[in-house]
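Structure, as structure tokens:
The values are calculated or read from the model by the stated rules, or taken from the named source; none is laboratory data. On a predicted model such as this, the values are computed, not experimentally measured, just so you know. Positions of Cβ are generated from backbone atoms using ideal geometry, with glycine treated the same way; all protein chains shown enter the neighbour counts.
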């Protein structure tokens with residue numbers, strides 16, 4: 001499902017215009033991104049938790065040359081599915 005299909009599903013489910021559903025989806029994703037940038041977790045009970053994870057620096061391999069390269073430490077977004085989402089999938 002792509003973004004436009006998701007917007008259509010939201011509009012149909014909530015009985016609102018597609019333009020409004022698009023703005024709602026954009027607001028939700030922006031709010032989650034802003035919270036993660038501030039180092040906060042976002043928990044949607046029954047759906048899951050978005051969080052920021054620390055990835056340590058490590059050595060990697062350049063696939064073209066085979067040489068060793070240093071990969072810097074980074075913060076990455078993570079998601080852990082909640083029980084309700086897990087149950088819905090299974």
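Annotations for the structure displayed:
- Residue 79 vs. criteria in a strand (DSSP E or B), under 21 Å from residue 9 (Cβ atoms), out of contact with any helix residue (DSSP H, G or I) (no Cβ under 6 Å at 6 or more places or on another chain) and outside the structural domain of residue 6 (by TED's automatic domain parsing): yes
- Scanning segment 40-74 for residues that are more than 18 Å from residue 29 (Cβ to Cβ) and either in the same structural domain as residue 30 (by TED's automatic domain parsing) or part of a strand (DSSP E or B) (or both) turns up 53, 54, 55, 58, 59, 60, 61, 68, 69, 70, 71, 74.
- Residue 15 vs. criteria loosely packed, with under 14 Cβ neighbours inside 10 Å, at negative phi and not assigned by TED's automatic domain parsing to the domain that holds residue 79: no
- Here residue 39 meets the list (1) farther than 29 Å from residue 75 by Cα; (2) in contact with a strand residue (DSSP E or B) (Cβ under 8 Å, 6 or more places away or on another chain) almost entirely, failing just condition (1).
- Number of positions in segment 17-36 that are in contact (Cβ under 8 Å) with a residue 40 or more places away in the chain and over 23 Å from residue 75 (Cβ atoms): 0
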